[in-house]
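Written out below as structure tokens is the structure these notes cover.
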Amino acid sequence: MSRLFRIAIDGPAASGKSTTAKLLAKKLGFSYIDSGAMFRAVTLKCQLENVNPNDISAHNKIVEIAKRCKIRFPSLGKVELDGQDVSELIRTSDITRNISLIASNPDVREVLANQQRAMAKGELPGAVSNGFEREGKGIIKGVVMDGRDIGTVILPNAELKVFIVADVHIRAKRRFDELKKRQGAALTDTLDQVEKDLEARDLADRTRKIAPLLQAKDAVMMDTSYLTIEEQVNAIENMVYERI
């Protein structure tokens, strides 16, 4: 076994992977890296600097912005951009609609992929991995990272890969409830619009030329349509124990 037990969790938007990954990391005492939040943070930074992702001539500016972004995960579920807490700001519908333009930029992906791999090795600041004690194995430390290309591109040699899926109608309802909780009366999107946005995001993720959304050959598929978060976490936790 590697010195670090790496768990790669991939899947489409609103499939439950991020919530599951966070709770799993907390339960195991592993560090957690939300790769999607990093793309959202770059998208937010572009908006703050009035750089339009649709503008072809802005390509180099966007790459430079990605290089300048100092993204950290100071605690579970929290995201910092250049020292500021942007955990809520990066989850708005506006960021969601524009993130594919950033995520499909190959040079931005390369910049963030290098940061993600460094974080997984503990070479860049992230959440601290205290690990857990396993009889006969000592202290097991590790990292949980979720996204769309973690098992195929970022951590191809991860000790455990899980590909989470769920019915698009159920995913849309989850995302709609999440947005309603965050934005309240300010939410202007309808459930139908959220579902259309998810379908558009799915298509963009699966068809982009660079690091498309794919299930790794050695990944375990998990359909979370009718599973509770607790059931998802427990199932993956058992997979970890089996491999250790």
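The values are calculated or read from the model by the stated rules, or taken from the named source; none is laboratory data. Source: prediction; values computed, not measured. Virtual Cβ from ideal backbone geometry, glycine too; neighbours counted across all protein chains shown. We work out accessible area using only protein heavy atoms, side chains counted, and drop any ligands, DNA or RNA first. Shrake-Rupley method; radii C 1.70, N 1.55, O 1.52, S 1.80 Å.
How many residues are closer than 22 Å to residue 39 by Cα, under 18 Å from the mean Cα position of the chain (by Cα), touching a residue at least 12 places away in the same chain (Cβ under 8 Å) and open to solvent by 40 Å² or more (accessible area, probe 1.4 Å) when one looks only at the range 201-221? Write out each step before concluding.
Going residue by residue through the range 201-221, those that are closer than 22 Å to residue 39 by Cα are 201-216.
Narrowing further to those that are under 18 Å from the mean Cα position of the chain (by Cα): 201-206, 208, 210-216.
Subsequent filtering for residues that are touching a residue at least 12 places away in the same chain (Cβ under 8 Å) retains 201-202, 204-205, 208, 210-216.
Pick out the ones that are also open to solvent by 40 Å² or more (accessible area, probe 1.4 Å) and you get 210, 214-215.
Of the residues in that region, 3 qualify.
Considering each residue of the range 74-82 in turn, none proves to be modelled with pLDDT of 90 or more, touching an Asp or Glu at 6+ places or on another chain (Cβ under 9 Å) and farther than 17 Å from residue 145 by Cβ.
Looking at the range 162-197, which of the residues that are touching a Leu at 6+ places or on another chain (Cβ under 8 Å) and under 20 Å from residue 233 (Cβ atoms) is least open to solvent (accessible area, probe 1.4 Å)? Before you say what the answer is, go through the steps one by one.
Initial filter on the range 162-197 (touching a Leu at 6+ places or on another chain (Cβ under 8 Å)): 168, 171-173, 175-176, 179-180, 187, 189, 194.
Those left that are additionally under 20 Å from residue 233 (Cβ atoms): 171, 175.
Numbers: 171: 9, 175: 34 Å².
Only one residue fits best here, namely 171.
Check 88, 64 and return the single one that is surrounded by fewer than 21 Cβ atoms within 10 Å (Cβ to Cβ), among the charged types (D, E, K, R) and touching a Lys or Arg at 6+ places or on another chain (Cβ under 8 Å). Write out each step before concluding.
Values: 64 fails: touching a Lys or Arg at 6+ places or on another chain (Cβ under 8 Å).
Answer to the selection: 88.
Yes/no per residue for (1) surrounded by fewer than 20 Cβ atoms within 10 Å (Cβ to Cβ); (2) within 18 Å of the chain's Cα centre (by Cα); (3) closer than 17 Å to residue 204 by Cβ:
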position	(1), (2), (3)
10	no, yes, yes
24	no, yes, no
30	no, yes, no
49	yes, no, no
58	yes, no, no
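Summed over the range 100-123, residues that are open to solvent by less than 60 Å² (accessible area, probe 1.4 Å) and free of Cβ contacts under 8 Å to residues at least 24 places away in the same chain total 1.
Which ones in the range 11-42 are within 20 Å of residue 94 (Cα to Cα) and not in a helix (DSSP H, G or I)? If you could, list the steps in order and put the result at the bottom.
Here is the first cut: in the range 11-42, the residues within 20 Å of residue 94 (Cα to Cα) are 12-15, 18, 34-42.
Matches in the range 11-42: 12, 13, 14, 15, 34.
Identify the single condition in (1) assigned to a helix (DSSP H, G or I); (2) over 15 Å from the mean Cα position of the chain (by Cα) that residue 122 does not satisfy, given that it satisfies every other one. Against the list (1) assigned to a helix (DSSP H, G or I); (2) over 15 Å from the mean Cα position of the chain (by Cα), residue 122 comes up short only on (1).
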